[in-house]
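These notes are about the structure you will find just below.
The values are calculated or read from the model by the stated rules, or taken from the named source; none is laboratory data. Just so we're clear, the structure is a prediction, and the values are computed from it rather than from any experiment. Cβ placement follows ideal geometry from the backbone for every residue including glycine, while neighbour counts extend to all protein chains displayed.
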């Protein structure tokens, strides 16, 4: 549903051509915005991926999930957004062939699900860290399996969209247009059911996961003491976990705000095929505007993790300017705590 429509082919009707004409008039505005979005998102997420991959101290469950989230955003902005935008503004329609039509549709939906499932998994992981602080964290191999399962489930959830995507070359009937669109002919009930299910899974799920996790974490932070830790260290540990969860909450809220307009527009289009709510003349511009806002969610995570703590800059500088530094910093830790640093934790001496 994040695929942009190119509706100008349908019946050759004036209202739809008017809608496309209005969109093309705004092309000088939208193209630079999309270009800036792709540049910022790809650069920021690539830095985040490299930072986690190259810094051994950051190799733990939470950071691998953050890296998975960054990878999904990077792939979406690099492989999907440019082609989708080109399709929206190209009067000849889809110019990238049959394979890319289905591949981009599949990957654009899959990367959104990967982001959602990664945020959900991070919320669960944060709860486990707080509720069971001395429990051994899952191994690197198990974490890799978790990431693989997230991608597999995301691709499976995206298959119906790809199966109902059609590549139509209208040159055979005299129109200089190639269509790559999602059609559910004679399956209206199935389409609405799938749309509602995807709305719940791709939008409501992370909000629900973070809300439940927030309540559970708040309860445990108030009721439970850190085993084997002195009270000053317990206070520091509690503040660290609270800040870590704040980063996650900001990330999910940002995701929810960015995707809300597109989710609403898609839902309206699903139930209003006659365009009685959204005027045909403006639906393309509305859809593109909402798509731009939704895709911008890929830009924010690197800045969220960078702005809400100091450790991001510490690890980033250590990756690119490796110098031997002696440190006399002593940190208060429970004796059996994991030694991995979570990107969102602060200060640097506190472990995950």
Given (1) touching a residue at least 40 places away in the same chain (Cβ under 8 Å); (2) more than 16 Å from residue 162 (Cα to Cα); (3) surrounded by fewer than 22 Cβ atoms within 10 Å (Cβ to Cβ), number of the condition residue 115 does not satisfy = (3)
Of the candidates 53, 79, the one satisfying the condition of being surrounded by fewer than 23 Cβ atoms within 10 Å (Cβ to Cβ), part of a helix (DSSP H, G or I) and more than 18 Å from the chain's Cα centre (by Cα) is 53
Given the residues 167, 102, which is the only one that is in a strand (DSSP E or B), at pLDDT 90 or above and surrounded by 12 or more Cβ atoms within 10 Å (Cβ to Cβ)?
-> 167
Here is a list of conditions, (1) over 24 Å from residue 73 (Cα atoms); (2) modelled with pLDDT of 85 or more; (3) surrounded by fewer than 15 Cβ atoms within 10 Å (Cβ to Cβ), and residue 93 meets all of them except one; can you say which number that is?
-> (3)
Which members of the range 170-181 meet the condition of being free of Cβ contacts under 8 Å to residues at least 60 places away in the same chain and in a helix (DSSP H, G or I)?
-> 171, 172, 173
Neighbours by Cβ (under 6 Å, 6+ apart or cross-chain): first from the range 124-144, farther than 15 Å from residue 210 by Cα; second in a helix (DSSP H, G or I) and at pLDDT 80 or above | 137/61; 138/61; 143/61; 143/64
Restricting attention to the range 257-285, and to residues there that are buried (at least 17 other Cβ atoms within 10 Å of the Cβ) and within 21 Å of the chain's Cα centre (by Cα), which single residue is modelled with the lowest pLDDT?
-> 266
Going by the conditions given, is residue 129 within 22 Å of residue 56 (Cα to Cα) and either assigned to a helix (DSSP H, G or I) or at pLDDT 85 or above (or both)?
-> yes
Could you say which residue among 143, 196 is on the phi < 0 side of the Ramachandran plot and surrounded by 14 or more Cβ atoms within 10 Å (Cβ to Cβ)?
-> 143
Of these, 190, 148, which one is in a helix (DSSP H, G or I), farther than 29 Å from residue 89 by Cβ and over 20 Å from the mean Cα position of the chain (by Cα)?
-> 190
